[in-house]
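> The following block contains the structure, expressed as structure tokens.
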Amino acid sequence: MSDNKKQEKDFTPEVDALLPETASLVKAGKLQEALDKLAVLEKQTRNAADPKSTTRLVKAITEYCFHARDFDLLNSNVSLLSKKHGQLKSVIQAMVEQTMGWLEDIRKKEGDKRWLQLVETLREVTEGKIFLETPRARVTLLLSRYHEDIYNKSTSADEKRKSLETASELLSELQVETYSSMERREKTEFILEQMRLLIAVARLKDDAAKAEGKDSLAGGDAEWVKARVGGRKVNEGFLKEPENEDLKLKYYDLMIQHALHQSSYLDVAKYYHKVWETPSIKDDVNDKGKAALEHIVYYIVLSPHDNEQSDMLNRIYINPALEKLQLHYNLVKCFVTRELMRWPGIIELYGEFLRATPVFSIEKRWEDLHTRVIEHNIRVVAAYYTRITLTRLTSLLDLDRKQTEETIARLVVGKTIWARIDRPAEIVTFRSQRSAEDVMNDWSSDMQRLLGLVEKTWMGMNAAQAAQSRIKAAS
């Protein structure tokens, strides 16, 4: 295979004379005789490195086989012509593209069996050839969708799983991000399709492992990791372009599914925020835009407290769009305001509404919300109290003693607060003991401020006395 050889002769006249003759032979039912004549001239044009003439002859050979509906002959010729000694790359490329154009027609009229034979032939021809990486990817996508169709139609659990895994494996073996001949948008579409199938397989394996009572290692953890790796291959800057809005929404939908599986609520909130920033979504204030903003609120309040979560929570709170959703605005306000939230009061105000949503209909997330309320209350107590008895703290938090101690311990380990529990005295301390060095540093700082104020006052008094002296002298 080479296109570097210099063309020795132009066989256009010979090809122009032969093609009508072979067409007549095909019409007369002498297909093999026509193919033999074309093969003789094809060898000459190939050895002479005449790409135009060779392409015409190769396309004629495959076209005659197709129109004669002799698909065994078509498969053998496609495979044979691609392996000819010194065959030109441009010729193989043209033949593959022409044959791919017939796949849909063959599947409709001849059925899946003939279609699969030709697909496998094309995959065999394109294997390992960099100049055919894009056609190979497209053919593989068709084969993957065929196996996914089997998954959708099958009733057997084993067959469904096998078909879906095959569909995913076929696409996952393609490293489309390295293909230089593929358009950027098409690359992104392939990566998103890989992620979608990986997540589908992961869910299937997780359900199977759960039904069998096995641990998570027997589930789809490997597929979830691959899906996350696939997500890193997508350029988010490219998705911001207006013409790629559909890809952006599909990408963030997949990333939301992955983040929810990991219970990474802050990531979910960030992905929903990206969706909400999409012009078509943000403008739809009554439907998609409203739903996206609601989900941002749900998942940001579910996220454990840290600097990033606090920043995002406050930015959402001051956003004018949130004021239109009064219930959600008040919920965020509860978390922004440094005041205690009593859990029974939260249930009374928001419980019925929140439990009716798909987010909080899951018991684990409702428990996580309760945990976030408790953590917020402890941070508020830590801000206003230096020391507090355990009895008083448990009453403020609406918890028992064990739950209170566990929550404080978790926040201390996460470095959200500083606290020490004196169990014999039943006192919780929220201020650390200061060293002598810290006390002296604070004293020194206070003295410097005091001396600065004295000096400033003295200078003011001198200025006032000087002004009065000038007034008396003038009078």
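> What does the helix-only formula give at 222 nm for the chain: each DSSP H stretch with n ≥ 4 adding -39500 (n - 2.57), the total divided by the residues, and the result rounded to the nearest 500 deg cm²/dmol?
On the way: 24 runs with 340 residues, N = 475.
Using -39500 (n - 2.57) per qualifying helix, the result is -23000 deg cm²/dmol.
> Amide H neighbours of Ile427 under 5 Å, counting only residues 5+ apart in sequence or on other chains, H built in-plane at 1.01 Å?
Those lying under 5 Å, H to H, from Ile427 are Leu390, Asp422.
> At a 1.4 Å probe, what is the % contribution of carbon and sulfur to the accessible area of the chain?
So the carbon and sulfur contribution to the accessible surface is 52 percent.
> Once label points are set 7 Å from the Cα along Cα→Cβ at both Gln7 and Asp283, what is their separation, rounded to one decimal in nm?
5.1
> Can you work out the PRE-style zone for Glu183? Point 7 Å along Cα to Cβ, and I want the residues of the stretch 230-271 with backbone N under 20 Å.
So the set is 234-251.
> For the residue pair Glu455 and Arg342, what label-to-label distance in nm results when each label sits 7 Å from Cα along the Cα-to-beta-carbon direction?
Going from the Glu455 label point to the Arg342 one covers 5.4 nm.
> Could you give the angle, 0 to 90 degrees to the nearest 10, between helix 184-212's Cα long axis and the longest principal axis of the Cα atoms of the chain?
70
> Also, quick follow-up: Enumerate the calculated ³J(HN,Hα) couplings along the stretch 368-381 in order (Karplus 6.51 cos²θ - 1.76 cosθ + 1.60, θ = phi - 60°), each rounded to whole Hz, writing x wherever the residue is Gly or Pro.
5, 5, 4, 4, 5, 5, 4, 4, 4, 5, 5, 5, 5, 4
> Suppose R0 equals 45 Å; then what is the FRET efficiency for Ala356 and Asp112 from their Cβ-Cβ distance, rounded to the nearest 0.05?
On the way: r = 46 Å, r/R0 = 1.02.
For Ala356 and Asp112, the calculated efficiency is 0.50.
> Roughly how many debye, to the nearest 20, is the charge dipole of the chain about its Cα centre, given +1 on each Lys and Arg Cβ, -1 on each Asp and Glu Cβ, and no other charges? Mind showing how you got there, number by number?
Numbers: 73 positive and 74 negative charges, 190 e Å.
In debye, rounded to 20, the chain gives about 920.
> With a point put 7 Å past each Cα toward its Cβ, work out how far Lys415 is from Glu97 in nm, to one decimal.
5.8
> Want the number for Leu80 to Phe131: 0.36 nm per residue separation, take away the alpha-carbon distance, what's left?
Values: separation 51, 0.36 × 51 = 18.36 nm, distance 1.82 nm.
Between Leu80 and Phe131, full extension yields 16.5 nm more.
> Using log10 I(q)/I(0) by the Debye sum over Cα atoms at q = 0.07, 0.11, 0.12 Å⁻¹ as the read-out, say which of [x] -0.40, -0.89, -1.06; [y] -0.64, -1.03, -1.13; [z] -0.54, -1.06, -1.19 was calculated from these coordinates.
Read-out from the structure maps to [y].
> Report the relative contact order of the stretch 333-475, percent, no decimals, based on alpha-carbon pairs under 8 angstrom and at least 6 residues apart.
For the stretch 333-475, the relative contact order is 19 percent.
> Tell me the relative contact order for the stretch 97-237 as a rounded percent, counting alpha carbon contacts under 8 Å between residues six or more apart.
Numbers: 129 pairs, mean separation 22.9, N = 141.
The normalised contact order for the stretch 97-237 reaches 16 percent.
> While we're looking at this one, here's another question. Quote the charge dipole size of the stretch 277-393 about the Cα centre in Debye, to the nearest 20; the model charges only the Cβ of Lys and Arg (+1) and of Asp and Glu (-1).
Values: 15 positive and 16 negative charges, 90 e Å.
Dipole size: approximately 440 debye.
> Could you work out the mean projected area of the convex hull around the alpha carbons of the stretch 80-131, in square nanometres to one decimal? Could the numbers behind the result be given before it?
Details: hull surface 14.5 nm².
Spelled out: convex hull of the Cα atoms, projected over all directions, averaged, 3.6 nm².
> I'd like to check one number: the per residue accessible area of the chain, probe 1.4 Å, reported in Å² as a whole number. Walk me through the numbers on the way to the answer.
Working: 26500 Å² over 475 residues.
The answer is 56 Å² per residue.
> Filter Lys9/Lys83; Lys187/Lys274; Lys250/Lys282 down to the pairs with a C-alpha to C-alpha distance above 19 Å, please. Please report the intermediate quantities before stating the final value.
Working: Lys9/Lys83 22 Å; Lys187/Lys274 21 Å; Lys250/Lys282 16 Å.
Distance filter (> 19 Å) returns Lys9/Lys83; Lys187/Lys274.
> To the nearest 10 degrees, how steeply does helix 307-317 sit against the main Cα axis of the chain, on a 0 to 90 scale?
90
The values are calculated or read from the model by the stated rules, or taken from the named source; none is laboratory data. Keep in mind that what you see is a predicted model, and the values were worked out from it rather than measured. Glycine also receives a Cβ, built like all others from the backbone with ideal geometry; neighbour counts cover every protein chain displayed. Please note that ligands, DNA and RNA were not included when accessible areas were found on the heavy atoms of the full protein model with its side chains. Shrake-Rupley method; radii C 1.70, N 1.55, O 1.52, S 1.80 Å.
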